[in-house]
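These notes concern the structure reproduced below.
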Amino acid sequence: MQKDSKIYVAGHRGMVGSAIVRALEAEGYTNIIVRRSAELDLRDQAAVKVFFSEEKPGFVFLAAAKVGGIVANNTYRADFLYDNLMIEANIIHAAYETGAKKLLFLGSSCIYPKLAPQPLKEEYLLTGELEPTNEPYAIAKIAGIKLCEAYRDQYGCDFISAMPTNLYGYNDNYHPQNSHVLPALIRRFHEAKESGAEAVTIWGTGSPLREFLFADDLAQACLFLMETYSGRELVNVGTGEDLSIKELAELVKETVGYTGELRLDTTKPDGTPRKLMDVTKLHNLGWHHTTELKEGIALTYADFLSQETVAER
């Protein structure tokens, strides 16, 4: 990419898309195209086709998606499948039709089989059954990977796929029901601190192991892959390090400054025992994360507080 290359970031208002825009601007890219959903419905094939025909972006970061936690994924199964299929199919096809030089599609670690060996290697894709609660979202993301492969195979398009691990960071969703575990913990410990609650209870034994990547690190990885990688195979993006949910909760508790008790409700389910990405391929390409979890949580909590301040005005 040249500094004046026309670059389209789909999903620029989300946590990942906004991080990609920040990374591009920090690197001096000056021709970044974005559209709000009110201006361009990415599920509308005709509208997407017109947009690409008029703008003809040379490079595309496909970070747009309908996302949510387990409850949302399992409740709105049709929406998660339909919306994500339409978004990625419309953008990938329009990028091909208008001659985009390169496209990067962002998936999710949930594409891997529920019982795949740990850590998760790229070649484990489609080797077993998916986790039932987020199967529609996972199927849509797998379809996006396969679209990139198919357009490469049939048309020679330089379309690549990156699969990030669990993400957190600026512009995260802190909704008490629909957010992922880390931002949900930030909200719960903050509210407990503000109300003076004597304890915060988390589900399960606290023993499941999870990996977390700061979204701005993912953005840097996306720029790195866009510049250096043109392979057919997807690439995992993560830290290669994990910790238990109890350790995560203790870290958030310390960051927030909550002094009450952390309790475990062992009558509730734990979920998958471990979910860690194998990032050997990415490390061999030359990229490593730079934001450690403790620092990232502090930055994310500051972002949460700024959102709370805006909401109170």
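So if R0 is 22 Å, what FRET efficiency would A38 and S306 give, r being the distance between their Cβ atoms, rounded to the nearest 0.05? So the FRET efficiency works out to roughly 0.40. P(r) tail, the range 1-116: Cα-Cα pairs separated by more than 17 Å, 57% of all pairs.
Name the shape class, rounded, prolate or oblate, that the alpha-carbon gyration tensor gives for the range 221-272, where a ≥ b ≥ c are the square roots of its eigenvalues, rounded holds for a/c under 1.5, and otherwise prolate holds if a/b is larger than b/c and oblate otherwise. Since a/c reaches 1.5 but b/c is at least a/b, the shape of the range 221-272 is classed as oblate. Normalised by 2.2 N^0.38 Å, where N is the number of residues, the alpha-carbon radius of gyration of the range 253-313 equals 1.66. A dipole drawn for the chain from +1 and -1 charges on Cβ atoms has a positive end, and of I297, H93, F61 the residue lying farthest that way is H93. For K246, the lysines whose Cα comes closer than 27 Å to its Cα, not counting residues fewer than 8 places off in the same chain, are K114, K121, K193, K268, K275, K294.
The H on the amide N of V237, modeled in the peptide plane, is under 5 Å from the matching H of M163, T165, each at least 5 residues off or on a different chain.
Taking a quarter of the surface of the Cα convex hull of the range 165-313 gives a mean projected area of 9.9 nm². Computed packing ranks the peptides 297-309, 246-258 as 246-258, 297-309, most packed first, by mean other Cβ atoms within 10 Å.
Applied to the range 257-271, the Karplus parametrisation 6.51 cos²θ - 1.76 cosθ + 1.60 on θ = phi - 60° returns per-residue 3J(HN,Hα) values of x, 7, 10, x, 9, 9, 10, 10, 9, 6, 7, 8, x, 8, x Hz, with x for Gly and Pro. With contacts taken as Cα pairs under 8 Å at a separation of at least 6 residues, the range 1-95 carries a relative contact order of 35 percent. Distances between placed amide hydrogens fall under 5 Å for L120 paired with L276, M277, D278, all partners being 5 or more residues away or on another chain. Placing +1 on the Cβ of every Lys and Arg and -1 on the Cβ of every Asp and Glu, with no other charges, gives the range 1-137 a dipole of roughly 280 debye about its Cα centre.
Among beta bridges from DSSP that stay inside the chain, the antiparallel ones total about 5%. Bridging of K3 to lysines at a Cα separation below 20 Å is possible for K56, K101, K102, once same-chain residues fewer than 8 apart are set aside. Distance between the 7 Å Cα→Cβ label points at N31 and L126: 3.6 nm. With N the number of residues in the chain, Rg(Cα) / (2.2 N^0.38 Å) evaluates to 1.00.
When only the Cβ of Lys, Arg, Asp and Glu is charged (+1, +1, -1, -1), the dipole of the range 130-227 relative to its Cα centre reaches about 200 debye.
Overall, the chain carries a charge dipole of about 440 debye about its Cα centre when +1 sits on the Cβ of Lys and Arg and -1 on the Cβ of Asp and Glu, all other atoms neutral.
Other residues lying with their Cβ under 13 Å from the Cβ of E129 contribute a combined charge of -1, Lys and Arg counting +1, Asp and Glu -1.
Between the helical axis of 181-195 and the longest alpha-carbon principal axis of the chain there is an angle of about 40 degrees.
Every read-out reported here was derived from the displayed coordinates using simple, explicitly stated rules and does not represent laboratory data. In this text the structure is predicted, and so the values were computed from the model without any measurement. Counting neighbours? That spans all protein chains shown, and the Cβs are built from the backbone with ideal geometry, glycine included.
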